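Below is one structure, written out as structure tokens, with a few remarks after it.
The values are calculated or read from the model by the stated rules, or taken from the named source; none is laboratory data. Being a predicted model, the structure only gives us computed values, none of them experimental. Because the Cβ atoms are built from the backbone with ideal geometry, glycine has one as well, and the counts that use them run over all protein chains shown. Quick note on the areas: whole protein, heavy atoms, side chains included, nothing else; ligands and nucleic acids left out. Shrake-Rupley method; radii C 1.70, N 1.55, O 1.52, S 1.80 Å.
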Protein chains: 2
Amino acid sequence: MKIDPLLNYMSKYVSLTEEEKAYLDSKIVLRKYLKGQYLVQQGDICKYECYVVSGCTKTSYVDDLGQEHIIMFSIEDWWTSDMASFINQSPADFNIQFLENTELIAISHDVIEDLYKHVPKLERFFRQVVEKAFIASQKRVVRNLSMTAKDRYLFFKEQYPEIEQRIPQYMVASYLGITKEFLSKIKSQLIMDQ
Amino acid sequence: MKIDPLLNYMSKYVSLTEEEKAYLDSKIVLRKYLKGQYLVQQGDICKYECYVVSGCTKTSYVDDLGQEHIIMFSIEDWWTSDMASFINQSPADFNIQFLENTELIAISHDVIEDLYKHVPKLERFFRQVVEKAFIASQKRVVRNLSMTAKDRYLFFKEQYPEIEQRIPQYMVASYLGITKEFLSKIKSQLIMDQ
DNA sequence: AAATTATATTAACTTAGTTTAACATTTACT
DNA sequence: AGTAAATGTTAAACTAAGTTAATATAATTT
């Protein structure tokens, strides 16, 4: 089935019958994007809640001064969307851009509501997905409040070693909430320290 | 019914039958706490997901240096728990303390699982509650990345005017991620500015 | 009302992180 | 291979925010 990667991921949370799997498969779209394209741009309506099959995205906010702040990266097995925009079908606050050629399983708003109706287990599944996302976001708040930039960088390296290899350093800096120059300084300090 | 405030809140999201309301009422506990008591302490298992009927709580994280960082306040109509601890029934990262005498509607882990089974609409309801919490948390991440301390303070004043009146200023400072001294400085600058 | 205790202010000094700008290195393009 | 574009480094000057410590004010307790 085209949604096998998703089914494999879902099996950790809920067990679906063959009919339910087939129904899900019939409703869901596989989409491919090139590096540089956008899934959502600030002001758009976010049409899809997406499961990343392969590739990488960044979610960012551009402030009044035109500065970009990276909220999260998504790689294989992660979900991505502008949740507020998707749920309310209202203009997005965030940009979601592909940092690599990316393959997604995309679920539109209409489809997800239909799925909740026809396969109630999916309501449970998505509740659990959002719970995990919320917990991760709260932990990020805590790290930004309690850790220095250096420690946040070390944590990032440790927790997401795959991501650091795949994206330019200035984006890591933006994610950490510091300038690229300061991240450079931190890295050279870390090298001297050893 | 003892859970009327909660039912009123829920009616914005789902509509329950009288039987469902009665079932919910039978399963749910009303609890009262005094100012200063704890709902959860770091290391405890968070037993309840709670709806605040009246009063106020703070959720905080104490780091290795013993410094407290306030993650959120909850007042009337808000939910509070250590979500990670509650879901996995694992030791809590956070403290949740009452800043006023507080009345809660408390739902234990067993009960919530039972409710999901017997009243599937509640799975939908709680999905929506968590979605909102996630969106709020992501916005907090964005503000901490993109705004100066002064602007974060002005935003806080505007968005939560009720809360600022009810809690000491050093807790506002902790929530904003700055020292109490620096918040004092910001406030006196704001007074001079006008 | 006096005395504690908790909260808030002020100021001098220090530090973490930013800004600017010049230069170096890597990656992508013809 | 050679050039342009994108990314990364370094350093000096600057600023936002933290630290310390002394003092002031407000809220509780006796």
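Odds and ends about this structure:
- Percent of Cα-Cα distances greater than 18 Å, calculated over segment B:65-160: 60 percent
- Between the C-alpha center of segment B:168-194 and that of segment A:56-73 there is a gap of 27 Å.
- For the pair segment A:1-38 and segment A:94-139, the centres of their Cα atoms are 11 angstrom apart.
- Against the compact-protein benchmark of 2.2 N^0.38 Å, the Cα-based radius of gyration of segment B:1-41 scales to 1.46.
- Taking the Cα centre of segment A:4-123 as reference, the dipole from Cβ charges on Lys and Arg (+1) and Asp and Glu (-1) amounts to some 200 debye.
- Dimensionless Rg/Rh of segment A:53-101 - Kirkwood Rh, Rg from C-alpha atoms: 1.00
- Per-q log10 I(q)/I(0), segment B:4-144, q = 0.19 Å⁻¹ (Debye; single scatterer per alpha-carbon; no solvent): -1.23
- Farthest toward positive dipole pole in chain B [+1 Lys/Arg, -1 Asp/Glu at C-beta], among B:Ile178, B:Asn8, B:Gly43: B:Ile178
- Equivalent-ellipsoid semi-axes for the protein assembly as shown (Cα gyration tensor, √(5λ), whole Å, largest first): 32, 32, 19.
- Residues B:Ser15, B:Ser137, A:Ser146, sorted by accessible area with the largest first, give B:Ser15, A:Ser146, B:Ser137 [1.4 Å probe; ligands and nucleic acids excluded].
- For peptide A:76-87, the mean count of partner chain Cβ atoms within 10 Å of a residue's Cβ comes to 2.
- For A:Tyr170, inter-copy separations between label points set 7 Å beyond Cα along the Cβ vector come to 4.3 nm, shortest first.
- Using a cutoff of 8 angstrom between alpha carbon atoms and counting only pairs six or more residues apart, the relative contact order for chain A works out to 23 percent.
- Dimensionless Rg ratio for segment B:1-80, taking C-alpha atoms and the 2.2 N^0.38 Å reference: 1.32
- Hydrodynamic radius (Kirkwood) for segment B:140-194, which is based on Cα pairs only, to one decimal in Å: 11.4 Å
- DSSP-assigned coil residues among trypsin sites (Lys or Arg not before Pro) in segment A:14-94, each with at most 12 further Cβ atoms within 10 Å: A:Lys35
- Placing a label point 7 Å from the Cα of A:Lys35 along the Cα-to-Cβ direction, the distances to the matching points in the other copies come to 5.9 nm, shortest first.
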